[in-house]
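The next block holds one structure in the form of C-alpha cells; read it before the comments.
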Amino acid sequence: QFWVVFRACLDHLPENTARLFMMREFLDLDVDEIGVQTGLTANHCYVVLYRARMKLRLCLEREWFTREEKRC
C-alpha cells in the first residue's frame with residue numbers, strides 16, 4: 001500500500017522534478033551524470049532534488065502517515 005501512495009505522490013510532482021528524483025534515487029545516478037543528461041548544473045540538480053524530497057515528504061505525511069495513525 002505504501003508504494004501505491006508513494007507513486008501517487010510522485011505523480012503529483014512536476015514531470016521534470018519527478019524524472020530527476022527517479023534518476024537519482026531509483027537509477028542511482030550521481031548529480032554529475034544527471035547534469036550531463038539534463039543539461040542542468042549540479043547546484044540546480046541539488047535544488048530540484050531538495051524540493052522534490054520536501055514535496056514528497058509533505059504528501060506522504062498527509063496521505064500515508066496520518067492515515068496510518070487513524071488505522072491504529
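The stretch between A8 and E63, if pulled fully straight at 0.36 nm per residue, gains 18.9 nm over its current Cα-Cα span. Loop-located chymotrypsin sites (Phe, Trp or Tyr not before Pro) across the chain with a Cβ neighbour count of 12 or fewer within 10 Å are F26, with loop assigned by DSSP.
Computed with a 1.4 Å probe over protein heavy atoms only, the accessible surface of the chain comes to 74 Å² per residue.
Note on Q1/N43: beta-carbon distance plugged into 1/(1 + (r/R0)^6) with R0 of 35 Å gives a FRET efficiency of 0.45. Membrane-span-like helices of the chain, defined as complete DSSP H segments with a Cα extent of 20 Å or more along the helix axis and a mean Kyte hydropathy of at least -0.5, are identified as 42-60.
The fraction of accessible area contributed by carbon and sulfur in the stretch 1-66 is 56 percent, rounded to a whole number (1.4 Å probe; ligands and nucleic acids excluded).
The values are calculated or read from the model by the stated rules, or taken from the named source; none is laboratory data. Every value quoted in this text rests on a predicted model; they were computed, and no experiment measured them. Note that we place each Cβ from the backbone using ideal geometry, even for glycine, and neighbour counts take in every protein chain shown. Surface accessibility is based on the protein's heavy atoms, side chains included, excluding ligands, DNA and RNA. Shrake-Rupley method; radii C 1.70, N 1.55, O 1.52, S 1.80 Å.
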